[in-house]
């Protein structure tokens, strides 16, 4: 009889990977991947002996990579949510202001006064649009900068770890 997928993944140490992914949490990136449930490389590759390969160091490094990726992903989601919330607020304000402007424009008055008011409202709407675009750009820039900082820091740490590992290996020879 053929082995089930669960039996196969349990024996090769990848069962923890399957548990770490929960499709019901797919749209909440902070819960979509739980690093603490990620597979244990020492269990999966513990019996494999390669001279000069520190499986524990590799596992620790990969764990740090996953943690950094998870943190960056969370920051990206939070940034996108913040941006979307602000866009909704801006649209709501714009609709309210347009409704008010339409009411004012339809009030009785001299044509010259209505034209002057219309020009003034158009200028204010333009300036507000520019300010809103600037604010949204700053929000998006901050979110991407935060994500990029996490990833850059981890890449730098990874290179430092690699350099120290190479130095350690060369001293053993």
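The values are calculated or read from the model by the stated rules, or taken from the named source; none is laboratory data. Just so it is clear, the structure is predicted and the values come from calculations on it, not from any experiment. For neighbour counting, all protein chains shown are included, and Cβ atoms are generated from backbone atoms with ideal geometry for every residue, glycine included.
Using the structure shown, decide if residue 122 is farther than 16 Å from residue 83 by Cα, without any contact (Cβ under 8 Å) to a residue 40 or more places away in the chain, under 21 Å from the mean Cα position of the chain (by Cα) and in a helix (DSSP H, G or I). Working first, answer last.
Numbers: farther than 16 Å from residue 83 by Cα: yes; without any contact (Cβ under 8 Å) to a residue 40 or more places away in the chain: yes; under 21 Å from the mean Cα position of the chain (by Cα): no; in a helix (DSSP H, G or I): yes.
No; evaluated as a whole, the condition is false for this residue.
Quick grid of which residues meet (1) modelled with pLDDT of 95 or more; (2) exposed (fewer than 14 other Cβ atoms within 10 Å of the Cβ); (3) out of contact with any helix residue (DSSP H, G or I) (no Cβ under 8 Å at 6 or more places or on another chain):
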| residue | (1), (2), (3) |
| --- | --- |
| 59 | no, no, no |
| 65 | no, no, no |
| 89 | yes, yes, yes |
| 100 | no, yes, yes |
| 110 | no, yes, yes |
| 115 | no, yes, yes |
| 124 | no, yes, yes |
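When you look at residue 153, is it loosely packed, with under 14 Cβ neighbours inside 10 Å, within 27 Å of residue 64 (Cβ to Cβ) and touching a residue at least 60 places away in the same chain (Cβ under 8 Å), yes or no? Yes, satisfied. Would you call residue 71 in contact with a helix residue (DSSP H, G or I) (Cβ under 7 Å, 6 or more places away or on another chain), modelled with pLDDT of 95 or more and either in a loop (DSSP other than H, G, I, E, B) or surrounded by 12 or more Cβ atoms within 10 Å (Cβ to Cβ) (or both)? Criteria met by residue 71.
The numbered conditions (1) more than 26 Å from the chain's Cα centre (by Cα); (2) modelled with pLDDT of 90 or more; (3) surrounded by 16 or more Cβ atoms within 10 Å (Cβ to Cβ) are all true for residue 96 except (3).
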